[in-house]
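Asks: Below are the structure tokens for one structure; questions will follow.
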Amino acid sequence: MLRLPDSRTEPDGTAVIRVLSYNIRSMRDDRAALARVIRACAPDLVLIQEAPRFFRWRKAAEKLARAAGLVYVTGGATAAGPMILSTLRAQVERTEDVLLPRTPGLHQRGFATAVVRIGGVRLGVLSCHLSLAARERDAQAGLLLERLAALGVPYAVAGGDLNERPDGGSFRRLAGALTDAWTARPWGGELTSTPRDPHQRIDAIFTTPGVEVLGCGVPHGLPGVRESDLAAATDHLPVLAALRVPGGAGSYHR
């Protein structure tokens, strides 16, 4: 299997970063296994879905961050589930949690967003968990694209649980405007749901133009990632991407 590059900053300020997207099911499963998986992936940024949202949710989020060797950036209950964690390598410039229009009878959804500086790069970051309902999900895909463009930064990365396979309309809409990192440079495994019976890819990482994908997929076989931990941690498999983000440049516009 292709070796996934480690994080680094190149002499011209270009940043090689690792980004992990992970639905953690409100930490209702094996929390120690979850932390071990995240730590073994050595991510600079973690895009969480189904973060704790209720009683003492901030304490649970901070505890997970500490166990994984990370810090809390934004999201959780304030974004209806999506959350962002990072290493200290990422300097947080600003954050915003966004609640999306809600269809009566369906769950509230939201985006956790941030702008960070890594090396010589300003990078927009967005974690999402799209609706189970097709019409609402399609609208949310459009709002995701608008939100990325509105961050006003040279490059951006978005990831999350799309609740849809790649042949679905919302997934195709995102992949048409952004780069689907798995398709660009497959690495590791493809299928993200479920850990004990992987049969579909409904979790993904996307990048804006100009970001080079060095590898992306479920981290099967990555040193330190145990299959038993992947099965015990939650009901999704994580998606890990290595990206090269150029230093400098202007803003991303859709």
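The values are calculated or read from the model by the stated rules, or taken from the named source; none is laboratory data. Computed from a predicted model, the values in this text were never measured in an experiment. Backbone-built Cβ (ideal geometry, glycine too); neighbour counts: all protein chains shown. When the accessible area is computed, the model is the full protein with side chains, heavy atoms only, and any ligands, DNA or RNA have been set aside. Shrake-Rupley method; radii C 1.70, N 1.55, O 1.52, S 1.80 Å.
Asks: Right, residue 53: assigned to a loop (DSSP other than H, G, I, E, B), open to solvent by 20 Å² or more (accessible area, probe 1.4 Å), under 16 Å from residue 127 (Cβ atoms) and of a type outside the set (Ser, Thr, Tyr) or not?
Replies: Values: assigned to a loop (DSSP other than H, G, I, E, B): yes; open to solvent by 20 Å² or more (accessible area, probe 1.4 Å): yes; under 16 Å from residue 127 (Cβ atoms): yes; of a type outside the set (Ser, Thr, Tyr): yes.
So residue 53 fits the description; yes.
Asks: Residue under question is residue 153, and the condition is that it be buried (at least 20 other Cβ atoms within 10 Å of the Cβ), touching a residue at least 12 places away in the same chain (Cβ under 8 Å), more than 14 Å from residue 74 (Cα to Cα) and among the aliphatic types (A, V, I, L, M); does it hold?
Replies: So residue 153 fits the description; yes.
Asks: Do we have residue 148 as under 21 Å from residue 14 (Cα atoms), at pLDDT 95 or above and buried (at least 23 other Cβ atoms within 10 Å of the Cβ) here?
Replies: yes
Asks: Condition check: surrounded by fewer than 22 Cβ atoms within 10 Å (Cβ to Cβ), at pLDDT below 95 and more than 28 Å from residue 154 (Cβ to Cβ). Does residue 27 satisfy that?
Replies: Answer is no for this residue.
Asks: While we're on this one: Exactly one condition in (1) at positive phi; (2) part of a strand (DSSP E or B) is false for residue 204; which is it?
Replies: (1)
Asks: Test residue 37 against the stated conditions and say whether it is in a helix (DSSP H, G or I) and touching a Leu at 6+ places or on another chain (Cβ under 8 Å).
Replies: When the stated conditions are applied, residue 37 passes them.
Asks: Examine segment 86-107 for a residue that is open to solvent by less than 40 Å² (accessible area, probe 1.4 Å), in a helix (DSSP H, G or I), under 29 Å from residue 247 (Cα atoms) and in contact with a Lys or Arg (Cβ under 9 Å, 6 or more places away or on another chain), and state whether such a residue exists.
Replies: No: zero hits.
Asks: OK, next. Among the numbered criteria (1) surrounded by 19 or more Cβ atoms within 10 Å (Cβ to Cβ); (2) in contact with a Lys or Arg (Cβ under 9 Å, 6 or more places away or on another chain), which one does residue 238 miss?
Replies: Every condition holds for residue 238 apart from (2).
Asks: Regarding residue 179, is this residue among the β-branched types (Val, Ile, Thr) and open to solvent by 10 Å² or more (accessible area, probe 1.4 Å)?
Replies: yes
Asks: For residue 171, only one of the following conditions fails: (1) under 30 Å from residue 33 (Cα atoms); (2) in contact with a helix residue (DSSP H, G or I) (Cβ under 6 Å, 6 or more places away or on another chain). What is its number?
Replies: Result: residue 171 passes all but (2).
Asks: Among the candidates 196, 226, which residue alone is surrounded by fewer than 17 Cβ atoms within 10 Å (Cβ to Cβ) and touching a residue at least 60 places away in the same chain (Cβ under 8 Å)?
Replies: Answer to the selection: 226.
Asks: Same structure again: So, in segment 161-175, of the ones that are part of a helix (DSSP H, G or I) and open to solvent by less than 30 Å² (accessible area, probe 1.4 Å), which residue ends up farthest from residue 245 (Cα to Cα)?
Replies: To start, the set of residues in segment 161-175 that are part of a helix (DSSP H, G or I) comprises 169-175.
Next, from what is left, pick out any that are open to solvent by less than 30 Å² (accessible area, probe 1.4 Å): 170-171, 174.
Numbers: 170: 26, 171: 23, 174: 20 Å.
Among them, the one singled out is 170.
Asks: Another question about this same structure. Given the residues 114, 139, 158, which is the only one that is of a type in the set (A, V, I, L, M), closer than 22 Å to residue 78 by Cβ and part of a helix (DSSP H, G or I)?
Replies: Only one candidate passes the filter, namely 139.
Asks: On to the next question. Can you report the number of residues in segment 39-65 which are in contact with a strand residue (DSSP E or B) (Cβ under 9 Å, 6 or more places away or on another chain) and of a type outside the set (Val, Ile, Thr)?
Replies: Looking only at that region, the number is 15.
Asks: Can you tell me which condition residue 79 does not meet? The list is (1) closer than 20 Å to residue 233 by Cβ; (2) buried (at least 23 other Cβ atoms within 10 Å of the Cβ), and all the others hold.
Replies: Failing condition for residue 79: (1).
Asks: Among the residues of segment 4-24, which ones are in a loop (DSSP other than H, G, I, E, B) and either surrounded by 14 or more Cβ atoms within 10 Å (Cβ to Cβ) or touching a residue at least 12 places away in the same chain (Cβ under 8 Å) (or both)?
Replies: Going through segment 4-24, the residues in a loop (DSSP other than H, G, I, E, B) turn out to be 4-7, 10-14, 24.
Answer for segment 4-24, where residues must be in a loop (DSSP other than H, G, I, E, B) and either surrounded by 14 or more Cβ atoms within 10 Å (Cβ to Cβ) or touching a residue at least 12 places away in the same chain (Cβ under 8 Å) (or both): 4, 5, 6, 7, 10, 12, 13, 14, 24.
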